[in-house]
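Novice: This is the structure I have questions about; it appears just below.
The values are calculated or read from the model by the stated rules, or taken from the named source; none is laboratory data. Quick caveat: nothing in here was measured; it's all calculated off a predicted structure. For neighbour counting, all protein chains shown are included, and Cβ atoms are generated from backbone atoms with ideal geometry for every residue, glycine included.
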């Protein structure tokens, strides 16, 4: 049976994927976008987005992604449910499998599969995700002005999140499981010199507490077995992200953390005709607007490649 031929395949449906779809469809590249296991990406777990341009009153994360999807469809993007489960990038057309069954071929690919925040795995953490539990202080810190919050982690990211939150919040607790911070010396000094940050060494999170209004506290346990409860309104995870690149691990050049390497100033990967956009290639910023911008870059790069 002849495999379906796709001119421009977009894998992923977050801000990067949808923006790439808007641009490639306007360029008459007939893009086909597969949504993946989390249609809309990480923003669908965020209740309120206040820092995406064009929404002066803020916007619900699900509504923002619905708007981007609608705009992509308006210009002709074919959006399909399904997950790419296998990819062969050894030659063009690239050969891919959807949901382990359907086989397709693509002349070009834009990878926008994103990155997933690492969580502790607590049921209570899952229960209050988006209601006080967050993995992005830059995204959600604004909602906790003059309130008490906690940050889990001891690396550079955790210290950056804590100092950012300290500029907004009344009190910031850092929950660190080790007896030391893993962050750079400069970041450690910033934390220690910030009066409203309290570092709690050798503590692990036992349970996130809350009610119908959201998070109200957290129970933590010291390595000596003693427990204490912190009264907080926000619980921020800063223990890292993992890029969703398992499908391409042996086929594209990745960095030490698994993020797709792209040529400086472009979205081009180590395989000609394959482009990457959004958090899957960005270990630093991880914002909806930067993801959308890189989706635009990938679309323009893909268009030039196909027109060549």
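Novice: Being modelled with pLDDT under 95 and surrounded by fewer than 24 Cβ atoms within 10 Å (Cβ to Cβ) is the filter; apply it to region 266-288 and report the residue that is nearest to residue 110 (Cα to Cα).
Specialist: Applying the filter and picking the extreme gives 282.
Novice: In the same structural domain as residue 133 (by TED's automatic domain parsing), modelled with pLDDT of 95 or more and over 27 Å from residue 166 (Cα atoms): does that describe residue 217?
Specialist: no
Novice: Could I ask something else about it? Name every residue in region 252-296 that is farther than 21 Å from residue 89 by Cα, in a loop (DSSP other than H, G, I, E, B) and under 14 Å from the mean Cα position of the chain (by Cα), in order of residue number.
Specialist: 282, 283, 284, 285, 286, 287
Novice: Just to be sure I understand, how many residues within region 124-135 are under 17 Å from the mean Cα position of the chain (by Cα), part of a loop (DSSP other than H, G, I, E, B) and crowded, with 19+ Cβ neighbours inside 10 Å?
Specialist: Total meeting the criteria: 1.
Novice: If a residue must be in a strand (DSSP E or B), in contact with a helix residue (DSSP H, G or I) (Cβ under 8 Å, 6 or more places away or on another chain) and closer than 22 Å to residue 103 by Cβ, how many such residues does region 17-54 contain?
Specialist: 2
Novice: Looking at region 297-308, which of the residues that are buried (at least 17 other Cβ atoms within 10 Å of the Cβ) and either closer than 21 Å to residue 49 by Cα or free of Cβ contacts under 8 Å to residues at least 40 places away in the same chain (or both) is nearest to the chain's Cα centre (by Cα)?
Specialist: Among residues in region 297-308 that are buried (at least 17 other Cβ atoms within 10 Å of the Cβ) and either closer than 21 Å to residue 49 by Cα or free of Cβ contacts under 8 Å to residues at least 40 places away in the same chain (or both), the one nearest to the chain's Cα centre (by Cα) is 297.
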